[in-house]
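Presented below is the structure to which this report refers.
The values are calculated or read from the model by the stated rules, or taken from the named source; none is laboratory data. This is a predicted model, so every value here is computed, not measured. For neighbour counting, all protein chains shown are included, and Cβ atoms are generated from backbone atoms with ideal geometry for every residue, glycine included. Quick note on the areas: whole protein, heavy atoms, side chains included, nothing else; ligands and nucleic acids left out. Shrake-Rupley method; radii C 1.70, N 1.55, O 1.52, S 1.80 Å.
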Amino acid sequence: MQTLETDSAILDLHFHTHRYFVNLLGVATSKGSIELYRLLYVTPTESRLDYLRTLQLADSSILVLSFTWCKIFAYQLGATLSNGEVLVVEDEWLEGAKARAALPTKTVKVKHDLEAWTMAFTPIGLGGYSGGDDTTLRHFVVAPGSITSSETDLHKVPYSLTWTDKKIHS
């Protein structure tokens, strides 16, 4: 049995859903990052996790509350942050993982007024839905590969907020 000590709280974790990355585990942290691990089978009854790298998605004072792998586009994930942002991240998770920089290749931001707690990609992977403490359900569209890694102003990255549903509590 293996126990790994981390330097932050673990808020969410998922194995990748794509067949090429089935042994890839992502772990959302309280320090604005997703840590990547590879599950290795030592024997049929024994396995271990090996740390690969950290994707630093936000400042370390911001929590990554949840994340999900895109089932259609293997190099995409979505993440929700405690500052209200919803990120769509494109990265080559395993290719040269040890040698790569800590920053993900591409991100798209969608903003809630309060904490963004959850998100899901659409079944065809060209957009998603997110929800948060601002009582809104937001839909956004993302075209995979449409963002260049040279983008410096992430608020100008192409995405469209197609609608927002706001419920008023009484």
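Return the residues of region 22-54 that are surrounded by fewer than 18 Cβ atoms within 10 Å (Cβ to Cβ), of a type in the set (Phe, Trp, Tyr) and either touching a residue at least 60 places away in the same chain (Cβ under 8 Å) or under 13 Å from residue 4 (Cβ atoms) (or both); say none if nothing qualifies.
Selection gives 51 alone.
Can you name every residue in region 102-124 that is within 14 Å of residue 87 (Cα to Cα), assigned to a loop (DSSP other than H, G, I, E, B) and modelled with pLDDT of 80 or more?
112, 115
Could you please give the count of residues in region 11-21 that are open to solvent by 60 Å² or more (accessible area, probe 1.4 Å) and touching a residue at least 40 places away in the same chain (Cβ under 8 Å)?
Matching residues across region 11-21 total 4.
Could you count how many residues in region 55-65 are part of a strand (DSSP E or B), open to solvent by 20 Å² or more (accessible area, probe 1.4 Å) and within 18 Å of residue 117 (Cβ to Cβ)?
The number of residues fulfilling the criteria is 1.
Within region 16-32, can you find the residues that are in a strand (DSSP E or B) and farther than 11 Å from residue 67 by Cα?
24, 25
In region 66-77, how many are assigned to a strand (DSSP E or B) and open to solvent by 50 Å² or more (accessible area, probe 1.4 Å)?
Qualifying residue count for the region: 0.
Among the residues of region 128-140, which ones are in contact (Cβ under 8 Å) with a residue 24 or more places away in the chain and among the small types (Gly, Ala, Ser)?
The answer is 128, 130, 132.
For region 115-134, which positions are over 23 Å from residue 30 (Cα atoms) and open to solvent by 60 Å² or more (accessible area, probe 1.4 Å)?
If we filter region 115-134 for residues that are over 23 Å from residue 30 (Cα atoms), which is where we start, we get 122-128.
Hits for region 115-134 are 123, 124, 126.
Quick one: residue 80 ticks every box in (1) modelled with pLDDT under 85; (2) within 20 Å of residue 8 (Cβ to Cβ); (3) open to solvent by less than 20 Å² (accessible area, probe 1.4 Å) bar one, so which box is it?
So the condition that residue 80 fails would be (1).
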